[in-house]
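Below you'll find the structure, written out as structure tokens, and then a few comments.
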Amino acid sequence: MARAARCVPAALGGLHTLRREGWVLGVATNGASDIQRATLERTGLAPLFHGVCVSEEAGARKPSRKLFEAAAARCGADLALVDG
């Protein structure tokens with residue numbers, strides 16, 4: 001599944017811009033850790049995020065607030081904004 005994943009170039013560019021502007025970026029995702037992390041690496045997204053939290057590791061799934069709070073903590077931040 002991770003081999004088929006692609007990222008739209010504009011999304012990568014937008015994330016690079018947000019990082020340059022000082023945003024702290026994190027991912028909260030459901031699924032198996034090995035697949036989700038491989039997907040982030042394959043698409044080039046992994047290095048753009050300060051923290052990644054996969055439901056399998058956190059013991060909570062979206063839409064649980066616990067997953068988002070864990071993701072924020074992995075970024076060294078408090079939960080501020082949830083999108084998507």
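The values are calculated or read from the model by the stated rules, or taken from the named source; none is laboratory data. The structure presented is a predicted model; accordingly, all values stated were derived computationally and were not measured. Neighbour counts are summed over all protein chains in view; Cβ atoms, including those assigned to glycine, are modelled from backbone coordinates with ideal geometry.
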Q) So which residues in region 1-44 are surrounded by 15 or more Cβ atoms within 10 Å (Cβ to Cβ), hydroxyl-bearing (Ser, Thr, Tyr) and farther than 19 Å from Ala73 by Cβ, if there are any at all? A) Thr39, Thr43
Q | Arg37 vs. criteria closer than 20 Å to Arg3 by Cβ and free of Cβ contacts under 8 Å to residues at least 60 places away in the same chain | A | yes
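Could you count how many residues in region 31-42 are closer than 8 Å to Val54 by Cβ and either assigned to a loop (DSSP other than H, G, I, E, B) or more than 11 Å from the chain's Cα centre (by Cα) (or both)? Step through it out loud before you land on a result.
Taking region 31-42 and keeping what is closer than 8 Å to Val54 by Cβ, we get 31-33, 36-37.
Checking the rest, the ones that are also either assigned to a loop (DSSP other than H, G, I, E, B) or more than 11 Å from the chain's Cα centre (by Cα) (or both) come to 31-33.
Matching residues across region 31-42 total 3.
Considering each residue of region 1-28, count those that are in a helix (DSSP H, G or I), more than 22 Å from Leu67 (Cβ to Cβ) and either touching a helix residue (DSSP H, G or I) at 6+ places or on another chain (Cβ under 9 Å) or not basic (Lys, Arg) (or both), and give that number. Break it down into steps so the answer makes sense when it comes.
At the first step, the residues of region 1-28 found to be in a helix (DSSP H, G or I) are 2-4, 9-20.
Remaining after also requiring more than 22 Å from Leu67 (Cβ to Cβ): 3-4, 9-10, 12-14, 16-17, 19-20.
Filter once more, so that each one left must be either touching a helix residue (DSSP H, G or I) at 6+ places or on another chain (Cβ under 9 Å) or not basic (Lys, Arg) (or both): 3-4, 9-10, 12-14, 16-17, 19.
Of the residues in region 1-28, 10 are in a helix (DSSP H, G or I), more than 22 Å from Leu67 (Cβ to Cβ) and either touching a helix residue (DSSP H, G or I) at 6+ places or on another chain (Cβ under 9 Å) or not basic (Lys, Arg) (or both).
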Q: Give the residues of region 45-61 that are buried (at least 16 other Cβ atoms within 10 Å of the Cβ) and in a loop (DSSP other than H, G, I, E, B), sorted by residue number.
A: Leu45, Phe49, His50, Ala60
Q.
Among (1) exposed (fewer than 15 other Cβ atoms within 10 Å of the Cβ); (2) at pLDDT 95 or above, there is one condition Leu81 misses while meeting the rest; what is its number?
A. (2)
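Please tell me if Leu45 is out of contact with any Cys (no Cβ under 9 Å at 6 or more places or on another chain) and not small (Gly, Ala, Ser).
Details: out of contact with any Cys (no Cβ under 9 Å at 6 or more places or on another chain): no; not small (Gly, Ala, Ser): yes.
So Leu45 does not fit the description; no.
Any chance you could count how many residues in region 62-73 are surrounded by fewer than 18 Cβ atoms within 10 Å (Cβ to Cβ), touching a residue at least 12 places away in the same chain (Cβ under 8 Å) and outside any loop (DSSP other than H, G, I, E, B)? Outline the logic, then answer.
Start the filter on region 62-73 by keeping residues that are surrounded by fewer than 18 Cβ atoms within 10 Å (Cβ to Cβ), which leaves 62-66, 69, 73.
Adding the requirement that they be touching a residue at least 12 places away in the same chain (Cβ under 8 Å) leaves 62, 65, 73.
Checking the rest, the ones that are also outside any loop (DSSP other than H, G, I, E, B) come to 65, 73.
Number of matching residues: 2.
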